1. Before we move on, is A:E141 in contact (Cβ under 8 Å) with a residue 60 or more places away in the chain and over 18 Å from A:H6 (Cα atoms)?
2. Kindly provide the set of residues from the stretch A:32-84 that are touching a His at 6+ places or on another chain (Cβ under 8 Å) and buried (at least 18 other Cβ atoms within 10 Å of the Cβ), ordered by number.
3. Which residue, of B:S126, B:S117, is modelled with pLDDT of 95 or more, touching a Ser or Thr at 6+ places or on another chain (Cβ under 8 Å), closer than 21 Å to B:M1 by Cα and buried (at least 18 other Cβ atoms within 10 Å of the Cβ)?
4. Where in the stretch A:1-62 are there strands (runs of 3 or more DSSP E), lying wholly inside it, with at least 3 residues that are over 16 Å from A:S133 (Cα atoms) and within 14 Å of chain B (Cβ to nearest Cβ)?
5. Within the stretch B:40-47, does at least one residue satisfy the condition of being under 15 Å from B:E141 (Cβ atoms) and among the basic types (K, R)?
6. Could you please tell me which pairs satisfy a Cβ distance under 6 Å, a separation of 6+ or placement on different chains, a first residue in the stretch B:39-54 that is over 12 Å from B:K24 (Cα atoms), and a second residue that is hydrophobic (A, V, I, L, M, F, W, C) and surrounded by 11 or more Cβ atoms within 10 Å (Cβ to Cβ)?
7. With the checklist (1) crowded, with 22+ Cβ neighbours inside 10 Å; (2) more than 8 Å from chain A (Cβ to nearest Cβ); (3) of a type in the set (A, V, I, L, M) in hand, flag the one item B:A135 doesn't pass.
8. Please verify whether the stretch B:115-130 includes one or more residues that are over 13 Å from the mean Cα position of the chain (by Cα), closer than 27 Å to A:D89 by Cβ and not in a helix (DSSP H, G or I).
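The values are calculated or read from the model by the stated rules, or taken from the named source; none is laboratory data. Computed from a predicted model, the values in this text were never measured in an experiment. In this analysis, Cβ positions are derived from the backbone assuming ideal geometry, glycine residues included, and neighbour counts consider all displayed protein chains.
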There are 2 protein chains.
Amino acid sequence: MPDIRHRVAMSAPLESVYGAVATKEGISAWWTRDGVRGEASEGSRLGFYFGQPEPAAVMEVTRLSPDGHVGWSCVEGAEEWIGTKLSFDLTQADGETVVLFTHADWRSPSEFMAHCSARWAYFLLSLKSYVESGAGTPFPEDLKF
Amino acid sequence: MPDIRHRVAMSAPLESVYGAVATKEGISAWWTRDGVRGEASEGSRLGFYFGQPEPAAVMEVTRLSPDGHVGWSCVEGAEEWIGTKLSFDLTQADGETVVLFTHADWRSPSEFMAHCSARWAYFLLSLKSYVESGAGTPFPEDLKF
């Protein structure tokens, strides 16, 4: 099945990048400031809000390893997202933290998947900006495209 | 074989976006200002320079259709790029031009492919900025990551 995979290097300690992808406060600073609700613990569910009363996506947290791994499984949201698996795998190299992001197991390489691929890259650069300078570009401050 | 696919909508006429991906002048404004050399015609080759005496990639131009399609086949460059196929497919919708970008036929979903995926999304947003406002962020003005 087709996957989205992006690699982005960030000038920040692994612990900082981990905090930004493993906690509700962190995620709200680079993906959606409108709301991350639920509990960020393994086996719990997180809802992500983008200006609507219903969450755009609900993820089960499948992995939280402070050595640099966060996993989500999409249980509610866009039909094409349900059942897909997302992960953030962090490694340290040359004083930087490398984020390998995967959004896996799409049913088909649709135009919506291509849209999400570009959107994820944009938000990973928002994550980079947040961990490097303290300021990301989460929804609703994000560039629309 | 795994593919990179990004969809980005741009507030510009299709003819402007086509010119930006079909001509050397256009490409140099959003991908690499360091140099696009050769001839931008079907069957000819274009070399793309990024601060080195040798081109980082040489593409054969396989398609140039002013109705909105540009195709390249990589003939020289990074080993993982050789033999891959790239395309820009443009459509008009709701007063915007939608760019569906594909970098297809990678041999494996490597970390280098994931790096290139994020880089392509960044440069497609540079293309969007260029066709909308006249200013892109090509090499060497690009964000490094």
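1. Values: in contact (Cβ under 8 Å) with a residue 60 or more places away in the chain: yes; over 18 Å from A:H6 (Cα atoms): yes.
Against the criterion (in contact (Cβ under 8 Å) with a residue 60 or more places away in the chain and over 18 Å from A:H6 (Cα atoms)), A:E141 qualifies.
2. Within the stretch A:32-84, the subset touching a His at 6+ places or on another chain (Cβ under 8 Å) is A:63, A:84.
The answer is A:T84, and nothing else.
3. Working: B:S126 fails: closer than 21 Å to B:M1 by Cα.
B:S117 is the lone residue from the list that is modelled with pLDDT of 95 or more, touching a Ser or Thr at 6+ places or on another chain (Cβ under 8 Å), closer than 21 Å to B:M1 by Cα and buried (at least 18 other Cβ atoms within 10 Å of the Cβ).
4. Working: elements: A:4-10, A:36-38, A:45-48.
Hits in the stretch A:1-62: A:4-10.
5. So in the stretch B:40-47, the residues under 15 Å from B:E141 (Cβ atoms) come out as none.
Within the stretch B:40-47, not a single residue is under 15 Å from B:E141 (Cβ atoms) and among the basic types (K, R).
6. Hits for this filter: B:E42/B:V61; B:E42/B:L64; B:S44/B:V61; B:F50/B:A56; B:F50/B:F139.
7. It fails just one condition, (1).
8. No, the conditions are met nowhere in the stretch B:115-130.
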